[in-house]
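The values are calculated or read from the model by the stated rules, or taken from the named source; none is laboratory data. Since the structure is predicted, the reported quantities are computational estimates derived from the model, not experimental observations. For neighbour counting, all protein chains shown are included, and Cβ atoms are generated from backbone atoms with ideal geometry for every residue, glycine included. When the accessible area is computed, the model is the full protein with side chains, heavy atoms only, and any ligands, DNA or RNA have been set aside. Shrake-Rupley method; radii C 1.70, N 1.55, O 1.52, S 1.80 Å.
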Amino acid sequence: MKESDLTTEPIAQNLIKLISNVCFSVFVFTVLIFTVIAVTYQPPDPWLESAPALTKLLTQTENATFKIDGSILNTGEDLALTPVSPPVNSTETVTEATIEKSEEIIGNLTVNSSSIDCDELKIVNCSDPRVLVAVERFNLKVFKSIVFLEYETPVNGSKLDECDVSWRFRNKKEKSWRRYRDFRRFKFGFGENCTYKVFHTSGWHSGVNARRPRIKPSSRGGGRRDPEINDTIPTLGSQINFRRGKYLYYSRGGDYCKGMNQYMWSFLCGLGEAMYLNRTFVMDLSLCLSSSYSTKGKDEEGKDFRFYFDFEHLKETASIVEEGEFLRDWKKWNRLHSKRKVPVRKVKTHKVSPLQLSKDKSTIIWRQFDAPEPENYWYRVCEGQASKYIERPWHSLWKSKRLMNIVSEISGKMDWDFDAVHVVRGEKAQNKKLWPHLDADTWPDAILTKLKGMVQPWRNLYVATNERFYNYFDKFRSQYKVHLLDDYSYLWGNKSEWYNETSLLNNGKPVEFDGYMRVAIDTEVFIRGKARVETFYNLTADCKDGINTC
């Protein structure tokens, strides 16, 4: 054997070994990096993100099994990235600058302290503009989470030194432009130079003399209607108007009686297609409440859309017609014009895309969903290529103003100064396979331990929860001023405004305050808390959607 062979062979072998070791090291290092990313990464919560994030999550669901957490229910006003722009004719916000401007205007009314003794002013003149200025300045200082929009002239209270004042406002954490009303009783004294000074204010809706009278309806039901809610059903008017219109009509599909999240996802698909096609959407106001929200444990048909959502806002932001009105006009036209019946395009499969219908001249495009599940789900229309050009109009779907009035009352009772904890229990706490630690982590002692590091003692603490045992959170009361939804049951009891107004919508029959309404209100009050403690981000390490889904 030659000497050169003895020297070159080990070098070649060593080189191969070196290359193999380097490649293996790179492989191990890559696996390590991906492992670290997989363990530490947490995807954004779509319910607390924007509408595009929500859309991205739901479009990943190709079947009808909606696994989204039903204990938090967000609608369009919660998903907006920025507050919705107010109407053109909206009222100017009351700020320190507007107050100073008012003071300049009424400066010539300032009391001359050298000629008048403040003791002579024991009787407060509630119509004096300086009284309102004092109230406006006091409210700005005390209620920092509120945007004040307009005040009405103060009126006399029950005593000589009291005035009742009414104003409109919105909460800074609500992204809609909807306005709410409060009226409170203020006790006055006098500061320097006999200027009015607020010494004390009573609680939410205490200024009863400043309350606007409700409109008493003529229909049966015995209630009084909120004049700021207009959810009457619009009509098409004349037969000529009906014939000139272009309509998109969805027949009832497999989404009926599914969860409310799937209802919203499918409804907004249909509404989005109507907007894309520049057509009026034919809308069925009758809903089926899923058994998951029913106190009776079964699906309940015949629920009114207006119990849950803001129909007035929907009418203002989308072209819609109620199904009953539409069908009556359609039948009437065909009866009166038997030789010139309304042109109809029937579409029997969701696979016919909105793009294929964009040039259709028919008066009515009628999508029929007669196929078996899941082919008969409305939202299937917006899958695939259609998802690239059909935008779901989340901005059109807000929660009912009547439910939001209850949210404002609960928040107002706590003077908008409270913290909140969201405690998920129920079926998830019982399912140890998917949520092995949730039950123990949401035990009162465990929650209280976590709260002590996040919420200051003796703060107002609102507990949003699906735990049905009222006394479950009693241990919290040694540390906090605890508030639960059931503490405010009088707001939907048989003497409440909500009860009277929903009964009017229901032909005089009482409406049950159901599980969806509870979750909707819990969601909105929780959002308004200053410090917010989440179940799946603060109380437990379990994943929100079950094991290995974080």
Discussion item. Among the residues of the stretch 127-150, what is the count of those that are surrounded by fewer than 19 Cβ atoms within 10 Å (Cβ to Cβ) and part of a strand (DSSP E or B)?
Written reply: 2
Item to complete: Kindly indicate whether Asp522 is of a type in the set (Asp, Glu), under 27 Å from Lys399 (Cα atoms) and either outside any helix (DSSP H, G or I) or open to solvent by 50 Å² or more (accessible area, probe 1.4 Å) (or both).
Response: no
Item to complete: From (1) in contact with a helix residue (DSSP H, G or I) (Cβ under 8 Å, 6 or more places away or on another chain); (2) touching a residue at least 40 places away in the same chain (Cβ under 8 Å), pick out the condition that doesn't hold for Leu355.
Response: (2)
Practice prompt. Working carefully through the options Arg168, Arg184, Arg178, find the one that is within 21 Å of the chain's Cα centre (by Cα) and assigned to a strand (DSSP E or B).
Written response: Arg168
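Would you be able to tell me the number of residues in the stretch 494-519 that are open to solvent by 20 Å² or more (accessible area, probe 1.4 Å) and farther than 29 Å from Ala446 by Cβ?
At the first step, the residues of the stretch 494-519 found to be open to solvent by 20 Å² or more (accessible area, probe 1.4 Å) are 494-495, 497, 499-500, 504-510, 512-513, 518-519.
Cutting the leftovers down to farther than 29 Å from Ala446 by Cβ gives us 494-495, 497, 499-500, 504-510, 512-513.
Qualifying residue count for the region: 14.
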Worksheet entry | Within the stretch 385-418, considering residues that are closer than 19 Å to Asp78 by Cβ and more than 18 Å from the chain's Cα centre (by Cα), the one least open to solvent (accessible area, probe 1.4 Å) | Phe418
Worksheet entry | Residue that is farthest from Ser489 (Cα to Cα), among those in the stretch 521-550 that are of a type in the set (Val, Ile, Thr) and in contact (Cβ under 8 Å) with a residue 40 or more places away in the chain | Ile547
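Which of the residues belonging to the stretch 498-519 are touching a strand residue (DSSP E or B) at 6+ places or on another chain (Cβ under 9 Å) and either β-branched (Val, Ile, Thr) or part of a helix (DSSP H, G or I) (or both)?
Asn500, Glu501, Thr502, Leu504, Leu505, Val511, Gly515, Tyr516, Val519
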Discussion item. Looking at the stretch 235-262, I want the residues that are closer than 15 Å to Ile365 by Cβ and open to solvent by less than 40 Å² (accessible area, probe 1.4 Å) and have a partner that is of a type in the set (Val, Ile, Thr) and in a strand (DSSP E or B) with Cβ atoms under 6 Å, at least 6 apart or on another chain. Which pairs are those?
Written reply: Gly245/Thr280; Tyr247/Thr280; Tyr247/Val282; Tyr247/Ile364; Leu248/Ile365; Tyr249/Val282; Tyr249/Ile364
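Inside the stretch 249-345, counting only strands (runs of 3 or more DSSP E) that do not spill past its ends, which hold 2 or more residues that are more than 20 Å from Thr523 (Cβ to Cβ) and hydrophobic (A, V, I, L, M, F, W, C)? It would help to see each step written out before you state the result.
On the way: elements: 280-283, 286-289, 300-304, 320-322.
Counting at least 2 such residues, we get 280-283, 320-322.
Tally time: how many residues in the stretch 200-257 are of a type in the set (Lys, Arg) and modelled with pLDDT under 80? Outline the logic, then answer.
Residues of the stretch 200-257 that are of a type in the set (Lys, Arg), as a first pass: 211-212, 214, 216, 220, 224-225, 243-244, 246, 252.
From the residues that got through so far, the ones that are modelled with pLDDT under 80 too are 214, 216, 220, 224-225.
Residues flagged as of a type in the set (Lys, Arg) and modelled with pLDDT under 80 within the stretch 200-257 amount to 5.
This table checks each residue for (1) at pLDDT 95 or above; (2) within 18 Å of the chain's Cα centre (by Cα).
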residue: Gln456; (1), (2): yes, no
residue: Asn460; (1), (2): yes, no
residue: Tyr472; (1), (2): yes, no
residue: Tyr499; (1), (2): yes, no
residue: Phe513; (1), (2): yes, yes
residue: Thr523; (1), (2): no, yes
Worksheet item: Pairs under 9 Å by beta carbon, first residue more than 8 Å from Lys346 (Cα to Cα) and of a type in the set (Lys, Arg) in the stretch 360-374, partner outside any loop (DSSP other than H, G, I, E, B) and open to solvent by 50 Å² or more (accessible area, probe 1.4 Å), six or more apart or different chains?
Response: Lys361/Arg345
Response to the item:
For the stretch 263-285 the number of residues that are surrounded by fewer than 20 Cβ atoms within 10 Å (Cβ to Cβ) and touching an Asp or Glu at 6+ places or on another chain (Cβ under 7 Å) is 2
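Conditions tested, residue by residue: (1) closer than 21 Å to Cys257 by Cβ; (2) open to solvent by less than 60 Å² (accessible area, probe 1.4 Å); (3) in contact with a strand residue (DSSP E or B) (Cβ under 6 Å, 6 or more places away or on another chain).
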residue: Lys315; (1), (2), (3): no, yes, no
residue: Phe326; (1), (2), (3): no, yes, yes
residue: Lys331; (1), (2), (3): no, no, no
residue: His337; (1), (2), (3): no, yes, no
residue: Thr349; (1), (2), (3): no, yes, no
residue: Asn376; (1), (2), (3): yes, yes, no
Item to complete: Within the stretch 151-196, track down each residue that is open to solvent by 30 Å² or more (accessible area, probe 1.4 Å), at pLDDT 90 or above and either of a type in the set (D, E, K, R) or on the phi > 0 side of the Ramachandran plot (or both).
Response: Glu152, Lys159, Asp161, Arg181, Arg185, Lys187
Practice prompt. Quickly run through the stretch 525-539 and pick out the residues that are open to solvent by less than 10 Å² (accessible area, probe 1.4 Å) and touching a helix residue (DSSP H, G or I) at 6+ places or on another chain (Cβ under 7 Å).
Written response: Val525, Val533, Leu539
Worksheet item: Given the conditions (1) farther than 22 Å from Val519 by Cα; (2) in contact with a helix residue (DSSP H, G or I) (Cβ under 9 Å, 6 or more places away or on another chain), which single one is not true for Ile447?
Response: (1)
